[in-house]
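Student: Handing you this structure, nothing more for now.
What follows is calculated from the coordinates using simple rules that are stated; it is not laboratory data. As the structure is a prediction and not an experimental result, all values here were calculated from the model. Every residue, glycine among them, receives a Cβ derived from its backbone with ideal geometry; neighbour counts consider all protein chains shown.
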Amino acid sequence: MDLNSVVYVESVNSNLICCVCQTPFVDPVVIESCGHTFCKNCITQALLTRSTCPVDRSHISSVNEFRPAAKIIVNMVNELLTYCPNKNAGCTYQGQRQLLIYHLKEECMFAKLACRNEECGEMILKKDLSKHMESCKARMVKCENCEAKVQLSTLEGHKFTCPVKNIECPFCHTTRIQSEHTLHLEECPEKPVTCLHVEFGCSWEGRQCDLSDHIVSCSYEPLKGFFSMYKQRNEALEQENQQLRTNIQELNNTVDLLENQVSAMSDWLSNFTDPKGLSSNSEGQHLNSSAHDILLSGNDHIKNEIENLNFSLVDIDAIMTENMRMQEEIQSVKNICHGLRMQMHYLLMEKRGGEPSVGTTGSVVRTGLNGPIGIGRTVPPNANNSKSGHDTSLESNMRPPRSLGPESPRQEKL
Amino acid sequence: MSNALFTKRLSKELVDLKINPPVGIEVTEADTFKSWKLTLDGVDGTLYAGERFTLEFRFSPNYPMESPEVVFTGNIPIHPHIYSNGHICLNVLYNQWSPVLSVRSVCLSIQSMLSSCTCKEPPPDNNHYVKTAKASPKQTQWSFHDDSV
């Protein structure tokens, strides 16, 4: 409980009032250096903001500079007369502040307590608690049959399942406990039953104890096997029928869907075949026919254009093939040139007679990289040779690649 | 806990100011614990006799550990330590605040500051300060030098 908020019976001597909270000291402490007294909580909070005494602003270096106030001060504040905090609820208690906690815990009839039944959850004044417990919705009650303790709210449900409750049989009027009642109902001789063959048409009704006598004389009994066979067959047929129906339903759905699609399609197509027909209905037939003519001529025109475009496409195709072929030829000529270049280089080297054959490969790579064509490929000389042999016939048709021109002088410089 | 102290202390101060008001000081508006308004009458026999001023107190949840924001509103007294935007140059409102002080003691300090004034004139740097000051006087770096007025 918070002693800072209690109400005092008499006005309190101002010397017993904490300057910070302005209520009588709670747990008073004294600052060693300056001797001023505060509630322990008040001075602790004040020092968080500023480490000076709130009264004379003298510096306080640490919390250790407090000591508990003199016993006489503590006693004086503890013995101050207070009202009970439940005064507004009706408690008339007045007593020393130090006894207040005991009063609230043990004596005060106006303190609010939680109902002892957890499910209830209500807060009840202590004085009303015993009365509440008698009428609490969540209190425990005894079942009159099985003596078990059951919560009031579940009592009704319990009555149906209570194993010890006596139940009278509605047919033979004997009584027994609930757990045996269901079993008894199965075999009660007085229970009204119908013939076992009621579904096939026997109209006999009577007591369960007479059933076996009837069965002996029942005209449906000999036909039992026949009936059950047909019943089974009938059921199978019904099942099949059901399945077929679902199939038909599914097919119908599909047909509907397709019809919708077809009609949408035809709507869409009508935009192209008869764009004016819809709008010109009101304008008359002659308009319609002239529009038709215009459309026809337009159509012819478009057909011609499409044909022309087709021809152009064929031409372009031919050109493309030609182009591809040309590219291939150019490539092969390039390869030949490269081969020749290397042969020439090799010959030049040999003529100088200096370098060994291993060095040639290195220089071949270099020429390849330095050449303005920028072909980085290093084709082995023999592979090149075979290619050049194959391609010589093309050489006469082709102009040498443009880039070869400026490269030749470089080769000579080497 | 701090918040409990804040509300308890302010409600206590309010009851005290209403039951036992100091001469010339009256609470006019105290609907919340955020801000109060009080009127301050100039004391008879001083330069401000017959004048009535309004003080606004704004409390932070840390009151009384932190000082309230105190400014004049409306009719602002002409005084060497009171700026024309209502800000008051008074050390107990800033670095010399102590939780022992209260609304009542602040009002009395201001009343005494007005009463001891000998010449009604604005602070010498009034124009510059009013132009540059923040809304809250607590954001100003004050320097206190004059103990006479």
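Student: What does the net charge come to around A:Met140 if you take all other residues with beta carbon closer than 11 Å to its beta carbon, with K and R at +1 and D and E at -1?
Tutor: So the environment of A:Met140 carries a net charge of +3.
Student: Which net charge results when you count Lys and Arg as +1 and Asp and Glu as -1 among the other residues whose beta-carbon is under 11 Å from that of A:Leu196?
Tutor: Once positives and negatives cancel, what remains is -1.
Student: Using Cα positions and a limit of under 28 Å, work out the lysines in reach of B:Lys12, with same-chain residues fewer than 8 apart set aside.
Tutor: A:Lys40, A:Lys71, A:Lys87, A:Lys105, A:Lys112, B:Lys34, B:Lys37, B:Lys138
Student: So what's the angle, to the nearest 10 degrees on a 0 to 90 scale, between helix B:2-19 and the longest Cα principal axis of chain B?
Tutor: Taking Cα atoms only, the helix is inclined about 70 degrees.
Student: Under 15 Å between alpha carbons, and skipping anything fewer than 8 positions from B:Lys120 in its own chain: which aspartates and glutamates qualify?
Tutor: B:Glu51
Student: Still on this model: Taking the alpha-carbon centroid of each part, what is the distance from segment A:26-83 to segment B:10-68 in angstrom?
Tutor: Cα centroid of segment A:26-83 versus Cα centroid of segment B:10-68: 28 Å apart.
Student: Hey, fewest Cβ within 10 Å first, where do B:Ser84, A:Ser61 land in order?
Tutor: Listing B:Ser84, A:Ser61 from fewest to most nearby Cβ atoms yields A:Ser61, B:Ser84.
Student: How crowded by other chains is A:20-29, given as the mean number of beta carbons from other chains within 10 Å of each beta carbon?
Tutor: 3
Student: Using alpha-carbon pairs under 8 Å, 6+ residues apart, how would you state the relative contact order of chain B in percent?
Tutor: The normalised contact order for chain B reaches 20 percent.
Student: Moving on to the next point. Can you put A:Thr321, A:Thr44 in order of Cβ neighbours within 10 angstrom, beginning with the fewest?
Tutor: A:Thr321, A:Thr44
Student: Separate question: Cβ under 9 Å from B:Pro80's Cβ, B:Pro80 left aside: what net charge do those residues give with Lys, Arg +1 and Asp, Glu -1?
Tutor: Combined, the nearby Lys, Arg, Asp and Glu give -1.
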